[in-house]
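J.: Next up is a structure, given as structure tokens.
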Amino acid sequence: MMRTLLALLLVLLLGSVARAERLIVSVSNHRVTVTPNYSGEELVLFGSVEKDATTPADRTAYDLVVTVMGPRADMVTRRKERTFGIWINTDYRQFLQVPSYLALFANRPFDAITSPEIARRQQIGLNNVRLTQRVSGDFADVVPNDAFRSAFIRLRTQRGLYREDPSAVTFLTPTLFRTGIPLPAEVPIGTYEVEIKLFANGALVTKTETAFEIVKVGFEQFVATTARQNGFVYGLATVAMALMTGWMASIVFRKD
Amino acid sequence: MQLYLPIADLPVNVFLVLAMGAAVGFVSGMFGIGGGFLMTPLLIFIGITPAVAVASVASHIAASSFSGALTYWRRRAIDPALASVLLSGGVTGTALGVWTFTQLRALGQLDLMIALSYVVLLTTVGSLMFSEGLRALMRTRRGAVPPRRTHNWIHGLPLKMRFKRSKIYLSVIPVLIVGTVIGFIGAIMGIGGGFILVPIMIYLLRVPTSTVIGTSMVLTLVTMLVATMLHAVTNHLVDAVLALILMVGGVTGAQFGARAGQKIRGEQLRLLLGLLILSVGVRFAIELVIQPADLFTIRELGVGT
């Protein structure tokens, strides 16, 4: 017991000593608004690596991995199979609390930045991100080449909601960096977490977090919330609208 | 011009949707039908999920059938008694349909059911209408007189009622059943059902042509209004913005369609409509049989907003 405590203390101490760099980051916009004519946009994340006196002098080359995660949701992936000559949804897997948007950016290929072992532990690359599935009562992530998992990632990628780009982060100077965060037109609404991890010589040096928010505003937002919260009033309004349009048409086009 | 649809959750081109509404409206005005069976597939085709398409088209059909019904009302071409009997069946059918819709959606088989119902219904109705139109056309070519209408087994059923404006004496049982069936399939498939209802009323119930279209429009109007309400309350899937664009395009197109329709002869019209319905059905059938480009689909179970 005592020995484990000591060991823990040692790790903590060493950790704080080794953390000789500090990351300072900011996104270009902390509140993205989705308006009726929203067709996607790109945020910019920029920041710098601050060194202090304890930074080893030989440490000059840094690697950076940026993870952007949208609001989490449960999703179902279904597979079609040919039954009686037609294609029917048969098998399915439920993905629990997975990010609705997921982007991984780096300044060079993930496998060049760090070892496969660390990459898996730090969830670097779409293959290493944890996507919990419910497999007949059990909750677990599966091997990266699982059919449902890879189909899930492929479909999300096609819609621009999942992406990885190992060349998106650019170092403007050895310590100053920037990266773009593309947000497609059908981007989910909610809070987005951004995690920035700094690597040097294959080891994780430090990490920091920031966040931004995507909100629907104006008429958009009003319609969407009313539909969800006041279904009855919304239905009545739609019905009234239909009747008005029909009535107007019969007046306008009346043949007299 | 791009516009973001709040419920469908995707941006669409306003002019594209407006043009689709107008084109379907033209066809519906020409044949005197609601046009839902064309509109819903078109919406699915541009990327709107079948569930949202079905729910939103309901309000679009309500608008176009209301404008039609008003016109027929002024011409006294609606049988109020017949309409109310049809309606009591229709409302029950719609409620059952929306309930089934919700159940199927939870099971993940809604898209399949929508597609299957389209195949079965449209190919059947389409081929019947097409062959009937073809026969009628041959008859007029040969100059033969159409066969005399005879009473069938339906007219032997009990609970008879006199429908004054249509000048028919008919049991309420088949009328109620027809109303229920149309309401049910309408809610599931996002169609008004006019293209099935009109032939049924003419051939099976022997309703005279003077009141048939107006009365069927009243049924379509009310079932679609009920469907809109129920879809809005239970599934929150009605996209009012989408519906409004469709309505405006639809009612405008319908006026021009109605004028074009008057220039074409009845048999040719039926032949064309049969062909149109048949081709939509066949298109759905092909989609079910050939291997889809992607075997996997994702559905989100509510994003935490």
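The values are calculated or read from the model by the stated rules, or taken from the named source; none is laboratory data. The structure presented is a predicted model; accordingly, all values stated were derived computationally and were not measured. Heads up, the Cβs are rebuilt from the backbone with ideal geometry, glycines too, and the neighbour counts pull from every protein chain shown.
J.: Quick check on this structure: which one of B:36, B:21, B:25, B:108 is within 17 Å of residue B:227 (Cβ to Cβ) and either at the interface with another protein chain (Cβ under 9 Å from one of its Cβ atoms) or surrounded by 24 or more Cβ atoms within 10 Å (Cβ to Cβ) (or both)?
T.: B:36
J.: Hey, among B:220, B:215, B:211, which residue is more than 8 Å from chain A (Cβ to nearest Cβ), within 15 Å of the chain's Cα centre (by Cα), polar (S, T, N, Q) and more than 14 Å from residue A:243 (Cα to Cα)?
T.: Answer to the check: B:215.
J.: Right, something else. Would you call residue A:208 in the same structural domain as residue A:63 (by TED's automatic domain parsing) and more than 11 Å from the chain's Cα centre (by Cα)?
T.: So residue A:208 passes the test.
J.: Can you name the condition, by its number, that residue B:90 falls short on among (1) under 19 Å from residue B:34 (Cβ atoms); (2) surrounded by fewer than 24 Cβ atoms within 10 Å (Cβ to Cβ)?
T.: (2)
J.: Please go through region A:61-90 and give me each residue that is touching a residue at least 24 places away in the same chain (Cβ under 8 Å) and either within 10 Å of another protein chain (Cβ to nearest Cβ) or on the phi > 0 side of the Ramachandran plot (or both), ordered by number. Give the derivation first.
T.: First, the residues of region A:61-90 that are touching a residue at least 24 places away in the same chain (Cβ under 8 Å): A:61-75, A:77, A:79.
If the condition is that a residue be touching a residue at least 24 places away in the same chain (Cβ under 8 Å) and either within 10 Å of another protein chain (Cβ to nearest Cβ) or on the phi > 0 side of the Ramachandran plot (or both), then A:70, A:71, A:72, A:73, A:74, A:75, A:77, A:79 are the ones that fit.
J.: Also, I was wondering about something else. Would you call residue B:260 surrounded by fewer than 23 Cβ atoms within 10 Å (Cβ to Cβ), of a type in the set (Gly, Ala, Ser) and either modelled with pLDDT under 80 or within 17 Å of the chain's Cα centre (by Cα) (or both)?
T.: yes
J.: Separate question: Quick check on residue B:287: is it of a type outside the set (Ser, Thr, Tyr), within 14 Å of another protein chain (Cβ to nearest Cβ), within 30 Å of residue B:106 (Cβ to Cβ) and touching a residue at least 24 places away in the same chain (Cβ under 8 Å)? Please lay out each step first, then the result.
T.: Numbers: of a type outside the set (Ser, Thr, Tyr): yes; within 14 Å of another protein chain (Cβ to nearest Cβ): yes; within 30 Å of residue B:106 (Cβ to Cβ): yes; touching a residue at least 24 places away in the same chain (Cβ under 8 Å): yes.
Spelling it out, residue B:287 is indeed of a type outside the set (Ser, Thr, Tyr), within 14 Å of another protein chain (Cβ to nearest Cβ), within 30 Å of residue B:106 (Cβ to Cβ) and touching a residue at least 24 places away in the same chain (Cβ under 8 Å).
J.: Determine if region A:189-198 includes at least one residue that is surrounded by fewer than 16 Cβ atoms within 10 Å (Cβ to Cβ) and at pLDDT 85 or above.
T.: Yes, there is a match, as at least one residue in region A:189-198 is surrounded by fewer than 16 Cβ atoms within 10 Å (Cβ to Cβ) and at pLDDT 85 or above.
J.: Out of the residues in region A:203-229 that are loosely packed, with under 15 Cβ neighbours inside 10 Å, at pLDDT below 85 and not aliphatic (A, V, I, L, M), state the one that is nearest to residue B:236 (Cα to Cα).
T.: Only one residue tops the list, namely A:228.
J.: Let me ask you something else. Determine if region B:58-68 includes at least one residue that is closer than 18 Å to residue B:277 by Cβ, away from chain A (no Cβ under 13 Å) and either surrounded by fewer than 20 Cβ atoms within 10 Å (Cβ to Cβ) or under 12 Å from the mean Cα position of the chain (by Cα) (or both).
T.: Within region B:58-68, not a single residue is closer than 18 Å to residue B:277 by Cβ, away from chain A (no Cβ under 13 Å) and either surrounded by fewer than 20 Cβ atoms within 10 Å (Cβ to Cβ) or under 12 Å from the mean Cα position of the chain (by Cα) (or both).
J.: Does residue B:257 count as closer than 17 Å to residue B:43 by Cα and within 14 Å of chain A (Cβ to nearest Cβ)?
T.: no
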